[in-house]
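The values are calculated or read from the model by the stated rules, or taken from the named source; none is laboratory data. Nothing here was measured: the structure is a model prediction, and the numbers come from that model. Note: ideal-geometry Cβ built from the backbone for every residue, glycine included; neighbour counts use all protein chains shown.
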Amino acid sequence: MSKIRLATVWLSGCSGCHMSLLDIDETLIELADRFELCKSPLTDIKEFPEEGIDVTLIEGAVANAEHVEIARKARKASKIVVALGDCAVTGNVPALRNGIPPEELIEEIYGPDVTVNGNLPHEGVPRLLARVRPLNEVIDVDYFIHGCPPPAGVIAKALVALLDGREPQLVGKDLRFG
Amino acid sequence: MRESDVITIKIDGRPIATSAGKSVLQVAKENGIRIPTLCHLDGLSDVGVCRLCLVEIGGKLVTSCTTPVADGMEVRTDTEEIRQHRRTVLELIFAEGNHVCAFCPSNGNCELQDLACELGMEEVRVPYSYPRNRIDATHPRFLIDRDRCVLCGRCVRVCAEVEGAHTWDFAERGRSVRVITDLDIDWGDAGSCTDCGKCVEVCPTGAIIRKGAATAEMEKEPELVADLLERRGDV
Ligand code: SF4
Ligand code: SF4
């Protein structure tokens, strides 16, 4: 059986979802030779592949212009996209800033005490979106894994189903936010 | 029960003998048929504002908490159409507030969070509104974080109907509706508040909480209203 081509992405999140993914422990070892990790913060591959990804798990909300680009690229290259965790599903903690203009935030956080170089970095820093958005407001999402972070068992349940080519049947307590 | 008071209704095809004067929700409950609810609370009057207890009677969708049973009535509680409507209603409730369960004091003990699980709410399909609501922490023991208020009105009803203080009420209309204390002054200054804490216990979410309750530390006892009324002989 050919290996499932898997990718994971980390947008505006705390990496807790990726930690929880690793927390699957020995199940991950059992699953390891059924997939090939094609792009992930856990690897050193720099660019998201142009095509040919079977399943992409995306952690984090969409908070800046670069996130939009990565999300779209991942969508285009992947058969199945999964929103992994509450930030990707609802916006969650990163979305707390919504309603405050980004310029005000930057000024408040980096303005008064910037002592080195005297000005805010502009080049190479992605522009913040006016408001942080959940993934499904930016791209089509096939499945949603809830939790902050999602419990390892729920991620394992979904991952096993996806590797088997089945729909993840997340029901009841599996769908708990928080 | 006199013979003449007995009426027969059907819920999901099942014939049930009951008595007039009860709501469809109440009869369903007495017969072990689950209808999801949020604004309903045993002991308080029913107002039908959350719309989650929708059922179908005679081809029309109605709120089961405010519909009295009638002889020969046929009720459906769980069709695909009803499930879709309940899901949409729930999504709108989530999209209207700011629900960050991850650091909510009611995380793990929240009626809204449980409903998302029960109704299989995988995602919210309407854009979130991310409102900026006012938190009022001026009361010495309690606070209200309106980001988590679902406008169920339980606090308003328990305060007026059970405590008799009527500190809480609704202000404004449409999307601007919010709960207020006295004539929209700080809760800490609201002279009618008796500090009884009933609103804390009945609030189904993490909106009204005890001060000092950190993430997942807030547990409530909404059942105390029915208990209290029973002990008062007020049922
Ligand atoms: S009130 Fe309930 S649904 Fe809202 S954030 Fe708190 S736990 Fe989540
Ligand atoms: S504060 Fe709580 S009890 Fe009052 S209307 Fe809002 S959610 Fe309901």
**OP:** Would you check if there is a residue in the stretch B:32-47 being within 14 Å of chain A (Cβ to nearest Cβ) and within 16 Å of ligand 1 (Cβ to nearest atom)?
**Re:** yes
Original post:
So which of A:Gly172, A:Gly85, A:Gly178, A:Gly91 is of a type outside the set (Lys, Arg), in contact with a Lys or Arg (Cβ under 7 Å, 6 or more places away or on another chain), within 12 Å of chain B (Cβ to nearest Cβ) and at positive phi?
Top reply: A:Gly91
Subject >> Boolean, B:Leu115 is within 12 Å of chain A (Cβ to nearest Cβ) and more than 9 Å from ligand 2 (Cβ to nearest atom) >> reply: yes
Original post:
Since A:Ile106 meets every condition but one in (1) more than 14 Å from every other protein chain (Cβ to nearest Cβ); (2) in contact (Cβ under 8 Å) with a residue 60 or more places away in the chain; (3) surrounded by 12 or more Cβ atoms within 10 Å (Cβ to Cβ), which condition does it not meet?
Top reply: (2)
Subject >> Residue under evaluation B:Thr194, criteria (1) of a type outside the set (Asp, Glu); (2) surrounded by fewer than 16 Cβ atoms within 10 Å (Cβ to Cβ); (3) within 22 Å of the chain's Cα centre (by Cα), criterion not met >> reply: (3)
**OP:** Hey, could you check the stretch B:4-25 for residues that are surrounded by 14 or more Cβ atoms within 10 Å (Cβ to Cβ) and among the β-branched types (Val, Ile, Thr) and say which is nearest to the chain's Cα centre (by Cα)?
**Re:** B:Val24
Original post:
Which one is nearest to the other protein chains (Cβ to nearest Cβ) among residues in the stretch B:140-154 that are farther than 20 Å from B:Cys39 by Cβ and either in contact with a strand residue (DSSP E or B) (Cβ under 8 Å, 6 or more places away or on another chain) or not in a loop (DSSP other than H, G, I, E, B) (or both)?
Top reply: B:Leu143
**OP:** Tell me which residues, restricted to the stretch A:143-160, are among the aliphatic types (A, V, I, L, M) and within 11 Å of A:Ala88 (Cβ to Cβ).
**Re:** A:Ile145
Original post:
Filter the stretch A:158-169 for residues that are more than 14 Å from every other protein chain (Cβ to nearest Cβ) and surrounded by 19 or more Cβ atoms within 10 Å (Cβ to Cβ); which is farthest from the chain's Cα centre (by Cα)?
Top reply: A:Leu162
Original post:
From the residues in the stretch B:83-121 that are assigned to a helix (DSSP H, G or I) and small (Gly, Ala, Ser), which one is surrounded by the most Cβ atoms within 10 Å (Cβ to Cβ)?
Top reply: B:Ala116
Original post:
Within the stretch B:176-185, can one find any residue that is under 24 Å from B:Gln113 (Cα atoms), at pLDDT below 95, exposed (fewer than 15 other Cβ atoms within 10 Å of the Cβ) and more than 15 Å from ligand 1 (Cβ to nearest atom)?
Top reply: yes
Subject >> B:Arg173 vs. criteria touching a residue at least 40 places away in the same chain (Cβ under 8 Å) and either more than 14 Å from chain A (Cβ to nearest Cβ) or in contact with a strand residue (DSSP E or B) (Cβ under 9 Å, 6 or more places away or on another chain) (or both) >> reply: no
Original post:
Where in the stretch A:1-120 are there helices (runs of 4 or more DSSP H), lying fully within it, with 3 or more residues that are in contact with a Phe, Trp or Tyr (Cβ under 8 Å, 6 or more places away or on another chain)?
Top reply: A:65-77, A:86-90
Subject >> Matching residues in the stretch B:13-22 - criterion: being under 13 Å from B:Thr77 (Cβ atoms) and out of contact with any Lys or Arg (no Cβ under 8 Å at 6 or more places or on another chain) >> reply: B:Gly13, B:Arg14
Subject >> Cross-chain or 6+ apart pairs with Cβ under 8 Å, the stretch A:121-145 first and surrounded by 11 or more Cβ atoms within 10 Å (Cβ to Cβ), then aliphatic (A, V, I, L, M) and at pLDDT below 95 >> reply: A:Leu128/A:Leu105; A:Leu128/A:Ile106
